[in-house]
Ligand code: FAD
C-alpha cells in the first residue's frame, strides 16, 4: 500500500469551490498540488462562475474556511440572512426567523468572489499551481495517468500523478472513469424542475429594494421564486419551475406569457425586475441533479470529493457547505493514517452516510420551501409590515 509522502506531487481536477479549498488544505500538509481546471481563469477573463451567482454559506462551510484562516474575510463580504421573508401572491410579507436571535443566520455570498479568493489564497501558499483551460478527458486510475486536453491549442497530453483528487463537479469526468470499474456505482436523479436566474437591481445609491437580511421566498405550490441579497444592493432571484406542463419553462414561450405569469403570481417581484423578458430568454435554464456514488476512491490513487462524489439539489443550500466539510474531514483522515488507501476509506465511511442524508433532505426541502412556507397559519402568526 502506498505511503503518504508529505512532499509528493498530487493532482486536483477542478478549481471550483471545493477543489480550490482542498488545494489549500493539501498545501498546508506539505504536498505540491497541481490543479487542472477546464475553464479560463475567472480572475482575468470575464466568465460566469457557473451555476448560481450567489449562495448561502452556513456554519459547516464557515468552519472549513476558519481552519485555513479565511472565515473573517469571507464574512466581510457576506450578508447575514436572519430568516425567510415569505411573499404572498397579494404582496403581503411574513418573516420566519431561522433562530431565536439574530446570531442564528445564514450568509449570502458571491460565488465568483469566493472562488477567486480561494484560488488566490491557494496559489499564495507557494505549493499550488493552477493550470487553466486544461480539461481532463480520461483517467487511468491504476497507472495514475490523466489524459488532458489543452482547450486553447487543442493539444492532448498525458499527466502522471500518483494521487488524483476529483473535484470536477456534478458531471465529473473522474467519476465517469471510476464507475466504469466493477464494483463502482453512481445513481443520478434529475429533477423535473429547472431554474432561471433573474436580477433585482439596486435602488438609488446602492439601496436594497427589499429587506436586506432575509432569504426571500415566493412559494407557489409546484413552483417558486427565491431571492438572495448581493453586496452591491442587488438581489439575485432564482425561478424554479417544471420543464414541462401547464405552468413550465415550455409553456412560458413568449415575453407576453412571461409577463402575464409574473403579473399573476409574483406582482411585487415583477415591479422590481426591469429586465425580466431579457433575463428570462437570455439566461440559461439550469438543471438539478442528485448523484449518489460509491465507493468514492480507487485504492489510495483516486478520490472524489464535493459534487463529483455527491451532488445534491440546492434547496437546503448545503452543496458547497457539504463539499467544504469534506475538506476538513479528509484533512483529519490524512492526519490519522500513514497510507493513502486507509485515509481514503476512512473518509468515505465517515462522509457517505452524511452525504446521502443531506441529499434526501435537500429534495424534501423543495416541497417545504415551495409549499409549506406558505401555510396560512404560519403567515398570520408572523405577518410583518410591508418593506
Ligand atoms: P463545482 O463548483 O461544479 O466545480 C467544479 C470545477 O471543476 C469547475 O471549476 C469546472 O470547470 C471544473 N471541471 C469540470 N470538469 C472538468 C474536467 N473534465 N477537467 C478539468 N476541470 C473540470 N451550495 C451551498 O452550499 N449553498 C447554496 O446556497 C447553494 N446554492 C446553489 C444554487 C444553485 C442554483 C445550484 C445549482 C447549486 C447551489 N449550491 C449551493 C451547490 C453548490 O453550487 C455546489 O455544491 C458546489 O458548487 C460544488 O462545488 P464543487 O467544487 O464540488 O463543484
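Quick look at the numbers
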read-out	value
Pick from the stretch 172-191, criterion assigned to a helix (DSSP H, G or I) and in contact with a strand residue (DSSP E or B) (Cβ under 8 Å, 6 or more places away or on another chain), ranking: surrounded by the fewest Cβ atoms within 10 Å (Cβ to Cβ)	179
The one condition in (1) within 16 Å of the ligand (Cβ to nearest atom); (2) surrounded by fewer than 23 Cβ atoms within 10 Å (Cβ to Cβ); (3) closer than 30 Å to residue 213 by Cα that residue 19 fails to fulfil	(2)
Hey, residue 201 away from the ligand (no atom under 14 Å from the Cβ), more than 30 Å from residue 245 (Cα to Cα) and more than 26 Å from the chain's Cα centre (by Cα) or not	no
Subset of the stretch 162-171 [farther than 19 Å from residue 320 by Cα and surrounded by fewer than 21 Cβ atoms within 10 Å (Cβ to Cβ)]	162
Residues of the stretch 287-309 satisfying the condition of being within 11 Å of the ligand (Cβ to nearest atom) and in contact with a strand residue (DSSP E or B) (Cβ under 8 Å, 6 or more places away or on another chain)	287, 288, 289, 291, 304, 305, 307, 308, 309
Top-ranked residue of the stretch 79-90 - restricted to ones that are surrounded by 15 or more Cβ atoms within 10 Å (Cβ to Cβ) and touching a helix residue (DSSP H, G or I) at 6+ places or on another chain (Cβ under 9 Å), ranked as farthest from residue 319 (Cα to Cα)	88
Test: residue in the stretch 76-84 that is over 16 Å from the mean Cα position of the chain (by Cα), assigned to a loop (DSSP other than H, G, I, E, B) and not assigned by TED's automatic domain parsing to the domain that holds residue 335	yes
Total residues in the stretch 99-157, condition on the phi > 0 side of the Ramachandran plot and within 24 Å of the chain's Cα centre (by Cα)	1
Meets criteria (assigned by TED's automatic domain parsing to the domain that holds residue 183 and in a loop (DSSP other than H, G, I, E, B)) for residue 221	no
Top-ranked residue of the stretch 168-186 - restricted to ones that are under 21 Å from residue 288 (Cβ atoms) and free of Cβ contacts under 8 Å to residues at least 40 places away in the same chain, ranked as farthest from the ligand (Cβ to nearest atom)	176
Where residue 284 falls short, out of the listed (1) more than 13 Å from the ligand (Cβ to nearest atom); (2) out of contact with any helix residue (DSSP H, G or I) (no Cβ under 6 Å at 6 or more places or on another chain); (3) over 28 Å from residue 75 (Cα atoms)	(1)
Residues being part of a loop (DSSP other than H, G, I, E, B), surrounded by fewer than 18 Cβ atoms within 10 Å (Cβ to Cβ) and over 19 Å from the mean Cα position of the chain (by Cα) - total across the stretch 41-75	4
Residue match in the stretch 310-324 (condition: in contact with a strand residue (DSSP E or B) (Cβ under 9 Å, 6 or more places away or on another chain), in a helix (DSSP H, G or I), modelled with pLDDT of 95 or more and loosely packed, with under 15 Cβ neighbours inside 10 Å)	no
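The values are calculated or read from the model by the stated rules, or taken from the named source; none is laboratory data. Small disclaimer: the values here were computed from a predicted structure and weren't measured. Here the Cβ is made from the backbone with ideal geometry for all residues, glycine too, and neighbour counts use every protein chain on show.
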